[in-house]
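Structure record follows, encoded as structure tokens.
Bear in mind that the values in this text are calculations on the coordinates, not laboratory data. Just so you know, these numbers come straight off a predicted model, no measurement behind them. Virtual Cβ from ideal backbone geometry, glycine too; neighbours counted across all protein chains shown.
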Amino acid sequence: MNLKVNFFFALCIIIGFYSCQQKKEGSSSSASERPNIIFMMADDHAYQAISAYSNHLIETPQIDRIANEGMRFTNACVTNSICAPSRAVILTGKHSHLNGKIDNRFPFDTTNITFPQILHNNGYQTAMFGKLHFGNNPKGFDQFKILPGQGSYYNPDFITKNEGKIRIDGYTTDIITELTIDWLEEERDPEKPFLLMYLHKAPHREWLPAPRYFKDFTKRTFVEPETLFDDYKGRGTAAKTAEMNLLKHMNWAGDSKIYPEVMDELGIPETANWDKKAFEREVGRMNPTQRAAWDEVYGPINEEFKKNYPNMTEKDKMKWRYQRYMQDYLGCIAAVDEGVGRVLDYLDRNGLRENTIVVYTSDQGFYLGEHGWFDKRFIYNESFKTPLLVRWPGITTPGTVNTQMVQNLDFAQTFLAAAGIQAPADMQGESLIPLLKGNTGNFRDAVYYHYYEYPAVHMVKRHYGIVTEDYKLVHFYYDVDEWELYDRKKDLLEMKNVYSDPAYVGVVVDLKKRLADLRIKYKDSEELDQMYIDK
Ligand code: SGN
Ligand code: CA
């Protein structure tokens, strides 16, 4: 008996010593202790511009590491395709109509309980760097340095937890990466698991790349999307009246980087009343060295444009604007990709790789000329779907692909479950952990979507809808009452609304019932629609 007890104690001591050693080395295998979480999110990063999804536009070798070493989701989507509302859904695990952040306009209601607050209360060290866009400071963070509002690309201001408002010289994407790595290096408490939110401003409009990418990207020519010259004939009023067209609604100075004086010389009117102001706001922030590097590359582009403009047809202009747009947008992504690589390298070098969940996503998708558009907002694929890559060593099998309809609504519950914390009952997502482990059955078969910001910039009408693997049914309301149905299997580019096609009568009846059920399930209603209209 005594011998048995002694043996048992000896065994405990050995096991205890072993796990202690492992902890010190930071190499304990995942899931045996609470994992760290790095949530990497870019702003408006279309999945079409990540080579793990498609390399027809750009190579993103660093972001692809997460896909190669983890899981790539091909059907991840948002509940409301716009910046601050998406962030509110991510943090609260609740649809917009319940967390109250329906659009970019009103500040976030900080009485909402967010997953970082819960992690923090449960012993996680928490930090946030980059773009939040809430109009107020994040709660539940030990450290934060966030951009005010949309932030700036050059020499940005930051609102900080401890130093008030500061300005940091340099390029925003690089600065956000450096703040993130500095925090890991200098402030991380090795005794605690951490949640680190690494939130890029790029590649948000007005798409200003880092000087080191000016030359390379402005020389490239990109393949045009099939639907660049879409005339919206197959869709309803909303697609026809949206103001997101590259030719008609993009700013010449602010977006295409034509100097205001060149616009004057050529007699090009401003597209919007903030067209030239947007250029001055962004390019005007550069210091003399940055500005000289800019002029060296963008000066000749302007000269060339001056020469060609008088002979350009509308079609030529559209094609030219698409190339200009892609050069700058993708140039911004190059620095994001580099930053992601630096953070991943830091994890590798410091024994943090094994026990850290790394997520790469965007606050929504984005149009890269599809349907002739830029921006987002619509339930149509390019803005509704968002990139999602997850690496969790020991849980995700390297190089796997998941096709299920996961949403940004699911992050909060996923992270809480990973930390072994029971999520509040009123969160509305699903933990993705079974999917990350490779289980494929038994996940949701339809998602609910609701967009509100109208009337407003880009004029995308209010709409809600249901999306299943096979179909998308949408109701546009407020100043119209129109329905659209897309056959997702037959019409990949979403060019034809088949709502009134007799062949789809049964589908419409069924989906309307399912949509009504989803509205009940998620506690959305006509009363709430009206309340948000009256607000
Ligand atoms: C700004 C942009 C819009 C963009 C919104 C929202 N115009 O208003 O193009 O849709 O932000 O973007 S700009 O000329 O000021 O850049 S979001 O990412 O914050 O939702
Ligand atoms: Ca955004």
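Observations
- Residue within segment 159-182 that is aromatic (Phe, Trp, Tyr) and under 18 Å from the mean Cα position of the chain (by Cα) present: no
- Scan of segment 173-220 for residues that are hydrophobic (A, V, I, L, M, F, W, C) and closer than 27 Å to Tyr322 by Cα, ordered by number: Leu199, Ala202, Trp207, Leu208, Ala210, Phe214, Phe217
- Residue in segment 358-368 that is within 18 Å of Ile37 (Cβ to Cβ), away from ligand 1 (no atom under 16 Å from the Cβ) and surrounded by fewer than 24 Cβ atoms within 10 Å (Cβ to Cβ) present: yes
- Residue within segment 176-189 that is under 30 Å from Ala334 (Cβ atoms), assigned to a loop (DSSP other than H, G, I, E, B), away from ligand 2 (no atom under 16 Å from the Cβ) and touching a strand residue (DSSP E or B) at 6+ places or on another chain (Cβ under 8 Å) present: yes
- Listed by first and then second residue, the pairs linking a residue in segment 404-421 that is farther than 17 Å from Asn442 by Cβ to a residue that is of a type in the set (Gly, Ala, Ser), with Cβ atoms under 7 Å apart and 6 or more places separating them unless they lie on different chains, are Asn408/Ser86; Leu409/Gly93; Leu409/Gly429; Ala412/Gly93; Ala412/Ala423; Ala412/Gly429; Leu416/Ala423.
- Tabulated pairs, segment 42-61, first part of a helix (DSSP H, G or I), second among the small types (Gly, Ala, Ser) and more than 16 Å from ligand 1 (Cβ to nearest atom), C-beta under 7 angstrom, 6+ apart or interchain: Gln48/Ser54
- Positions within segment 129-162 being small (Gly, Ala, Ser), without any contact (Cβ under 8 Å) to a residue 40 or more places away in the chain and either away from ligand 1 (no atom under 16 Å from the Cβ) or not in a loop (DSSP other than H, G, I, E, B) (or both), in sequence order: Gly140
- Note on segment 373-412: among residues that are away from ligand 1 (no atom under 15 Å from the Cβ) and in a helix (DSSP H, G or I), the one that is surrounded by the fewest Cβ atoms within 10 Å (Cβ to Cβ) is Asn381.
- Every test in (1) surrounded by 16 or more Cβ atoms within 10 Å (Cβ to Cβ); (2) in contact with a helix residue (DSSP H, G or I) (Cβ under 7 Å, 6 or more places away or on another chain) is passed by Arg235 save one, and that test is (2).
- Options Asn302, Asn308; residue that is free of Cβ contacts under 8 Å to residues at least 24 places away in the same chain, surrounded by fewer than 21 Cβ atoms within 10 Å (Cβ to Cβ) and over 30 Å from Ile181 (Cα atoms): Asn308
- Restricting segment 84-109 to residues that are within 16 Å of ligand 2 (Cβ to nearest atom) and outside any helix (DSSP H, G or I), the residue that is farthest from Pro455 (Cα to Cα): Phe108
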